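Step one of this worksheet: look at the structure below.
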Amino acid sequence: MAPKWRDLADRLAEQIKNGEYAPGAQLPQIRELVDAGEGSKATVHQAYKALEAEGLVTSTRGHGTVVRPRTPLKRLGIARYDKAKWRDGDEVAFIADRVASGRAYKRDEQTQTVSRVEANSLVAEGLGVSVGSEVYARARLVKEGTQPTHTLTSYYRPEHVEGTRIVDATPGPAGRGGGYRVLYDAGYEIDHMREALFARVPTADEVQLLQLPAGEPVVELHRTTYTADGTAVEFAVGIHSASRFAWEYDFKVPDSAAKDRKGQE
């Protein structure tokens, strides 16, 4: 038999998912549910903490317990890197996600810092350089309005980006078309990428920076970008608030057997 707080949390969760409590709506005060016979103050408090841990609500002093927005941004897969967006236009990746989601954006919702750092083992492997080599780190914090959604730090070999807009710390993308357009103009046209994703518990600094509610995981992205000859021109690490994105991929299904048959002809 489930404890009383669990039953209450499950009923409230069902009401939230059914739309009885809309995003942004405040749940009843703990005293109201106690008076309605839902249990003791401790029971209701524990139920609310469970809802918060499940990412359904946020609780803040002075604002009570509020239902979190449940419409995540579309975080496009390969479509967000379409060359027509950044080479021929000005739709950099984070803007492409907003456009696909029907959401407003401002270019300065991406802030950044640029520095030269020593490559750790992860960055060194991604860029194909030695551990300890100096690389450029371009760290961005992206917000939707005032709400942080993710961070993204791109690492570059100095010889690829020295003196370009990529190493300019002005907020927003690195000029028209962003970083990929800068690389393109410098003779490094991107050709293919490798992305790896995994979820994990956030660090204390990430909780504060991304304003994460209790119990919210993050999705970490590792992206390596190559030219046609296999030169790695960017290695990026992104930390995404898990509930603020819906990851979407559209790709052709491979048929390796067909390639084998063709080679035998």
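The values are calculated or read from the model by the stated rules, or taken from the named source; none is laboratory data. Keep in mind it's a predicted model, so treat the numbers as computed, not measured. Counting neighbours? That spans all protein chains shown, and the Cβs are built from the backbone with ideal geometry, glycine included. Quick note on the areas: whole protein, heavy atoms, side chains included, nothing else; ligands and nucleic acids left out. Shrake-Rupley method; radii C 1.70, N 1.55, O 1.52, S 1.80 Å.
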_Distance in nm between pseudo-label sites at T111 and A53 (7 Å out along the Cβ direction from Cα)_ = 3.3 nm
*Work out the charge dipole of segment 127-178 with +1 on the Cβ of Lys and Arg and -1 on the Cβ of Asp and Glu about the Cα centre, then indicate which of V131, L152, V142 is farthest towards its positive end.*
V142
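Return the Rg/Rh ratio of segment 1-144 with Cα-based radii and a Kirkwood Rh. All intermediate terms of the calculation are to be shown ahead of the outcome.
Details: Rg = 22.7 Å, Rh = 19.4 Å.
My calculation puts Rg/Rh at 1.17.
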*About the Cα centre of segment 80-194, how large is the charge dipole given +1 on each Lys and Arg Cβ and -1 on each Asp and Glu Cβ? Please answer in debye to the nearest 20.*
360 debye
*asked:* If R₀ is 41 angstrom, what is the calculated FRET efficiency for the pair A84 and R11, using the beta carbon separation as r and rounding to 0.05?
replied: 0.25
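With a 1.4 Å probe and every protein chain left in place, work out the accessible area per residue of the chain in Å², rounded to a whole number. Please list the in-between numbers first.
Numbers: 14330 Å² over 265 residues.
I get 54 Å² per residue for the chain.
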*Classify the chain: rounded, prolate or oblate, from the alpha-carbon gyration tensor (a ≥ b ≥ c, eigenvalue square roots; a/c under 1.5 rounded; otherwise prolate if a/b is larger than b/c)?*
prolate
*Using the beta-carbon distance between R194 and N18 and R0 = 30 Å, what value does 1/(1 + (r/R0)^6) give for FRET efficiency, to the nearest 0.05?*
0.15
_Probe radius 1.4 Å, ligands and nucleic acids ignored: give me the carbon and sulfur share of the accessible area of the chain as a rounded percent._
51 percent
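From the protein chains alone at 1.4 Å, what is the descending order of accessible area for T58, T151, T170, largest first?
Working: T58 45, T151 25, T170 75 Å².
So the residues, ranked largest to smallest area, are T170, T58, T151.
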*Give, in nm to one decimal, the length gained when the segment between S121 and A258 is fully stretched (0.36 nm per residue of separation minus the Cα-Cα distance).*
45.5 nm
*Please report, in Å, the Rg and the Dmax of segment 17-81, where both are computed over Cα atoms only.*
15.5, 55
*Work out from phi, with θ = phi - 60° and the Karplus expression 6.51 cos²θ - 1.76 cosθ + 1.60, the ³J(HN,Hα) of each residue of segment 157-167, listed in order in whole Hz, and give x for Gly and Pro.*
6, x, 5, 8, 10, 3, x, 9, 5, 4, 9
_Given axes a ≥ b ≥ c from the Cα gyration tensor, I'd like to know whether segment 128-265 is rounded (a/c under 1.5), prolate (a/b larger than b/c) or oblate._
oblate
*Along the positive direction of the dipole of the chain (beta-carbon charges: Lys, Arg +1; Asp, Glu -1; about the Cα centre), which of A246, V114, A42 reaches farthest?*
A42
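Is segment 59-140 rounded, prolate or oblate when judged by the Cα gyration tensor, a ≥ b ≥ c being the square roots of its eigenvalues, rounded requiring a/c under 1.5 and prolate requiring a/b larger than b/c?
Details: a/c = 2.47, a/b = 1.40, b/c = 1.76.
Judged from the Cα gyration tensor, segment 59-140 comes out oblate (a/c at least 1.5, b/c at or above a/b).
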*For K41, go through the lysines and keep the ones whose alpha-carbon is under 23 Å away, minus same-chain ones fewer than eight residues off.*
K4, K49
_Residue-averaged 222 nm ellipticity for the chain, from DSSP H runs of 4+ at -39500 (n - 2.57), nearest 500_ = -8000 deg cm²/dmol
*Among P202, P72, Y188, pick out the residue whose Cα is farthest towards the positive end of the charge dipole of the chain, where Lys and Arg carry +1 and Asp and Glu carry -1 on C-beta, about the Cα centre.*
P72
*Could you pull out every residue, at least 5 positions away or on a different chain, whose amide H is within less than 5 Å of the one on K74? Hs are placed 1.01 Å off N in the peptide plane, and Pro or chain starts have none.*
S101, A246
